[in-house]
Amino acid sequence: MTTTIREAVRGVAALLSENDIEGAAREARLIVAHALDVEPGRLTLIEHDAMTSDVEAAIHAMVAKRAERVPMSHVLGYREFWGRQFFVSGDVLDPRPETETLIAAALEESFSDVLDLGTGSGAIAVTLVADCEGARGTATDLSDAALTVAARNARTHAVQTRLQFQRSDWFTAVEGVFDLIVSNPPYITALEMDGLQPEVRLHEPRMALTDEADGLSAYRAIFAGARKHLSPGGRIIVEFGQGQCPDVEAIAQANGWRDTAFRTDMSEKNRVLVAKDPV
Ligand SMILES: C[S@@+](CC[C@H](N)C(=O)[O-])C[C@H]1O[C@@H](n2cnc3c(N)ncnc32)[C@H](O)[C@@H]1O
C-alpha cells in the first residue's frame, strides 16, 4: 500500500515526538517538504498525493539524523536568517534568530566598510553587505573551516566581490579602518557548557560557543582593540548572552566607550550593545 504525503507528515511527527523533539509537527512538515523539494506551505495542496520510494528513503535518512539530535539546520543543510538561506554545517554556529537584533541595529544607519569579527557561517557579514548598497566588508574567524563556509554563503548571495575573508584571532591580523565593527562572539561560560541541549553541545563547534572561561574574554579583546580600527564617528555593535549586559557595558566603558545603548531581542531582553565613537 502506498503512503500519502499527509500520512508521511503524521508518521514523521510521531517519530520525532517519540524522540522528545520539541515542535515535532512543524519539523515533520519541513522534512517532508524538503524531501519533496516543495515549499512547506504547499504540502496541504498535495497531501493526498502518493510518496515515491526515493522520497521515502530521503525522509527516513533525515528522521534518523534528527532523532540523534542533529540540528534541523544540518539535516536540511540550511538555516533561514534575515530572509536568506545560509548553508550551515558542523563547522559553524547555527545562526540564531536573536542575532537578527544585531542586524536591525546595524542597518539603522548606513555604512561603507564593515568588519565582522568571528563570522562563522557569514550570516552577519553577508547580510549586512547584501542589504547596504555599495558597502564592502571584511569577515574574520579563527577557524579556517568556518571561513570556507562563510565564503560559500557569500557566493550564494552574490557578495563575494564585496566581502573578503581573513583568518584572525580577533584583531591580530586585521588591517585597515572600518566605520562599523560587529561581532557575535562566543559568550557561554565554561561552566554552562555541560547544561546545553545536545543539538548545541554535540553538533556545534565548541570554539563558537565558549571562551572556556567566564564568557567575557572576547568582549575584552574586542573593546580594547576596536579604537585603532574604527573611523571617527563609527559604531561598534556586539551581541551578548542573557544577563551579561552589565558586564559587557562595564568592559566597553573601561576601554573608553562612553556612548553606549542597548537593543532588545524578541523576548524583550537586552541582547545587543551599540557603542559610538564620540568624535
Ligand atoms: C557565536 S559564533 C558566531 C558566528 C556568527 N557570527 C553568527 O552570529 O552566527 C562565534 C564565532 O567566533 C569564532 N571565534 C572564536 N574564537 C575566536 C577568536 N579568538 N578570534 C576570532 N574568531 C573567533 C568562532 O569560530 C565562531 O565562528
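The values are calculated or read from the model by the stated rules, or taken from the named source; none is laboratory data. Just so it is clear, the model here is predicted, and its values are computed rather than measured. Cβ atoms come from the backbone with ideal geometry, glycine included; neighbour counts cover every protein chain shown.
Considering only residues in region 164-209 that are touching a residue at least 12 places away in the same chain (Cβ under 8 Å) and hydroxyl-bearing (Ser, Thr, Tyr), the one that is nearest to Ala130 (Cα to Cα) turns out to be Ser183.
Restricting region 97-109 to residues that are surrounded by fewer than 17 Cβ atoms within 10 Å (Cβ to Cβ) and in contact (Cβ under 8 Å) with a residue 24 or more places away in the chain leaves a set whose member that is farthest from the ligand (Cβ to nearest atom) is Glu109. Kindly indicate whether any position in region 242-264 is within 21 Å of Val92 (Cβ to Cβ) and at pLDDT 95 or above. No, that holds for no residue. Considering Ala130, Ala173, the condition of being aliphatic (A, V, I, L, M) and part of a loop (DSSP other than H, G, I, E, B) is satisfied by Ala173 alone.
Taking the options Ala14, Ala24, Ala28, name whichever one is touching a Ser or Thr at 6+ places or on another chain (Cβ under 8 Å) and more than 30 Å from Ala158 (Cβ to Cβ).
Working: Ala14 fails: touching a Ser or Thr at 6+ places or on another chain (Cβ under 8 Å); Ala28 fails: touching a Ser or Thr at 6+ places or on another chain (Cβ under 8 Å).
Every option except Ala24 fails the conditions.
Of a type in the set (Asp, Glu), within 19 Å of the chain's Cα centre (by Cα) and closer than 27 Å to Ala145 by Cβ: does that describe Glu204? Taking the combined requirement at face value, the residue satisfies it.
Per the conditions (1) part of a helix (DSSP H, G or I); (2) over 23 Å from Asp265 (Cβ atoms), the sole criterion not satisfied by Arg201 is (2).
Within region 66-83, residues that are touching a residue at least 60 places away in the same chain (Cβ under 8 Å) and within 17 Å of Gly23 (Cβ to Cβ) sit with their Cβ atoms under 6 Å from residues that are outside any helix (DSSP H, G or I) and of a type outside the set (Val, Ile, Thr), at 6+ positions apart or across chains, in these pairs: Pro71/Asp94. The test for being buried (at least 23 other Cβ atoms within 10 Å of the Cβ) and farther than 24 Å from Met72 by Cβ does not hold for Leu216. Residues of region 176-198 that are within 17 Å of the chain's Cα centre (by Cα), hydroxyl-bearing (Ser, Thr, Tyr) and not in a strand (DSSP E or B): Tyr187 alone. Only one entry in Pro232, Pro205, Pro246 is in the same structural domain as Thr127 (by TED's automatic domain parsing) and within 14 Å of the ligand (Cβ to nearest atom), namely Pro205.
In a residue-by-residue description of region 171-189, the property of being within 13 Å of the ligand (Cβ to nearest atom), assigned by TED's automatic domain parsing to the domain that holds Val238 and surrounded by fewer than 18 Cβ atoms within 10 Å (Cβ to Cβ) applies to at least one position.
Of all residues assigned to region 144-163, at least one qualifies as being among the polar types (S, T, N, Q), in contact (Cβ under 8 Å) with a residue 60 or more places away in the chain and surrounded by fewer than 19 Cβ atoms within 10 Å (Cβ to Cβ). Of the candidates Ala64, Ala150, Ala146, the single residue that is part of a helix (DSSP H, G or I), at pLDDT 95 or above and more than 12 Å from the ligand (Cβ to nearest atom) is Ala64. The single residue among Thr127, Thr140, Thr119 that is assigned by TED's automatic domain parsing to the domain that holds Asp179, more than 20 Å from Pro205 (Cα to Cα) and under 16 Å from the mean Cα position of the chain (by Cα) turns out to be Thr127.
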